[in-house]
Amino acid sequence: MTKQQLKEELKQSMLAKNAEKTSTLRMAISALGYYEIEKGGAEYEATEEDVQTVIQKQAKQRRDSIEQFKAANRPELVEKETRELELLENFLPKQMDEEEIQKLVDEAIAQTGATSASDMGKIMGVLMPKVKGKADGGLVSKLVNVRLNK
């Protein structure tokens, strides 16, 4: 997904008068603009990987908000954030399930010879390039921790 494709999606949602999708895409494009400024200013053009990174960050923010709104007993906001998260996930690669991640965790542990939680950094160093963009880092970390503490 490129920045241009995101803008085209925004245009289509505006024509379809889909206010929620339009708002979510505007926030994502705005975040991408800030990302470009951080990376090099006006002359920096976001790559497809940059777009994925920004959308993943936006999705993570929605997941965090959902947890906070659930804790605060705000179901209307949970529902809104969930819909926005679903919209953003349409622009991300298919996420790996726990079983797939666990298989990669086992492979990484075997590859690094890790035996304890102190080896967590080595395992994550091997794993993260394989799951980048396809799995939540928090989930990967949790699965590694569980596996190392057996």
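Here are a few things to note about the model shown:
- Cβ-defined net charge surrounding Pro93, 14 Å radius [Lys, Arg +1; Asp, Glu -1]: -2
- Summary of the geometry: region 25-86 and region 87-128, compared by the centres of their Cα atoms, lie 23 Å apart.
- Rough spin-label spacing in nm, given labels placed 7 Å along Cα→Cβ, for Arg26 and Leu139: 3.1 nm
- Dipole check for region 48-93: with +1 at the C-beta of Lys and Arg, -1 at the C-beta of Asp and Glu, and the Cα centre as origin, the magnitude is about 260 Debye.
- For the chain, complete DSSP H runs whose alpha carbons reach 30 Å or more along their own long axis and whose mean Kyte-Doolittle score is -0.5 or higher are 19-40.
- For the chain, the share of accessible area belonging to carbon and sulfur comes to 52 percent (1.4 Å probe, ligands and nucleic acids excluded).
- Members of Lys21/Lys70; Lys80/Lys132; Lys80/Lys122; Lys11/Lys134; Lys3/Lys80 lying beyond 31 Å, as alpha-carbon distances in this model show: Lys80/Lys122
- Each residue was assigned an accessible area with a 1.4 Å probe, and for Thr2 the value is about 40 Å².
- Sorting Ile101, Ile29 on solvent-accessible area from highest to lowest, probe radius 1.4 Å, gives Ile29, Ile101.
- Of the options [x] 30, 19, 11; [y] 24, 19, 12; [z] 33, 20, 13, only one is semi-axes √(5λ) of the Cα gyration tensor in Å as computed from these coordinates, and that is [z].
- Student exercise, the chain dipole from Lys, Arg, Asp, Glu Cβ charges, in Debye to nearest 20: 220 debye
- In the chain, a dipole from Cβ-located charges (positive for Lys and Arg, negative for Asp and Glu) runs towards its positive end, and of Thr2, Val144, Leu104 it is Val144 whose Cα lies farthest in that direction.
- Simple spin-label estimate for Ala19 and Ser116 gives 5.8 nm between the two label positions (7 Å along the Cα-to-Cβ direction from each Cα).
- In this label model, Thr2 and Ala72 are separated by 3.9 nm, measuring between points 7 Å along each Cα→Cβ vector.
- Accessible area per residue in Å² at 1.4 Å probe, computed on region 1-66: 61 Å²
The values are calculated or read from the model by the stated rules, or taken from the named source; none is laboratory data. Fair warning: this is a prediction, and the values are worked out from it, not measured in the lab. For neighbour counting, all protein chains shown are included, and Cβ atoms are generated from backbone atoms with ideal geometry for every residue, glycine included. All accessible areas refer to the heavy atoms of the entire protein, side chains included, with ligands and DNA or RNA removed. Shrake-Rupley method; radii C 1.70, N 1.55, O 1.52, S 1.80 Å.
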